[in-house]
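*Asks:* Before we start, here is the structure in question, set down as structure tokens.
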Amino acid sequence: MISFDKGRVLSKDCPSRAILNHLTSRWGVLVMIVLLDGTKRFSEIRREIEGVSERMLSETLKQLEADGMLTRHSYNTVPPHTDYTLTEYGRQAGERIFGLVDWLETNLGQILAKGK
């Protein structure tokens with residue numbers, strides 16, 4: 001019997017691999033960091049993350065929503081208005097991701113110097 005109480009990320013069939021991939025993807029990390037500041041519209045997220053295309057941002061948001069990391073709320077207005085907010089799991093994951101990013105940026109100079 002398979003237990004989903006805790007995953008085994010090293011197992012090829014573990015569902016946590018897909019979620020981890022979405023969270024740590026090129027754009028997933030940045031979306032999670034942006035949404036730590038609170039609810040944002042699609043256009044706000046796109047403006048904050050330089051270089052992300054509409055298509056990639058949309059795909060990333062859909063994956064993170066399907067994983068339960070964020071919620072999407074659409075308003076029936078003209079023009080359409082959609083907000084994205086981290087769920088409790090998303091906030092927990094985002095805080096951990098932020099910790100890694102903060103560590104990286106704090107140590108970036110030394111890391112780059114050692115790479116030369």
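The numbers here are math on the coordinates, done by the rules we state, and not lab data. Keep in mind the model is a prediction, meaning the values are calculated, not measured. Because the Cβ atoms are built from the backbone with ideal geometry, glycine has one as well, and the counts that use them run over all protein chains shown.
*Asks:* Report the trypsin sites (Lys or Arg not before Pro) located in the stretch 11-81 that are in a DSSP loop and have at most 15 other Cβ atoms inside 10 Å of their Cβ, or state none. Please report the intermediate quantities before stating the final value.
*Replies:* Working: sites: K12, R17, R26, K40, R41, R46, R47, R55, K62, R72; in loops: K12.
Passing both the DSSP loop test and the Cβ count: K12.
*Asks:* Hydropathy at least -0.5 by Kyte-Doolittle, axial extent at least 30 angstrom from the Cα trace: which helices of the chain, defined as entire DSSP H runs, fit?
*Replies:* Taking the DSSP H segments of the chain (at least 30 Å long, mean hydropathy at least -0.5), we get 88-114.
*Asks:* Further, regarding this structure: Just want the ordering: Y89, Y84, Y75, from fewest to most Cβ atoms lying within 10 Å of their own Cβ.
*Replies:* Final ranking by Cβ density, sparse to dense: Y75, Y89, Y84.
*Asks:* In straight Cα distance, which lysines are under 20 Å from K40, not counting same-chain residues fewer than 8 positions off?
*Replies:* K62
*Asks:* Aspartates and glutamates near K12 by alpha-carbon distance under 20 Å, same-chain residues fewer than 8 away left out - which ones?
*Replies:* D67
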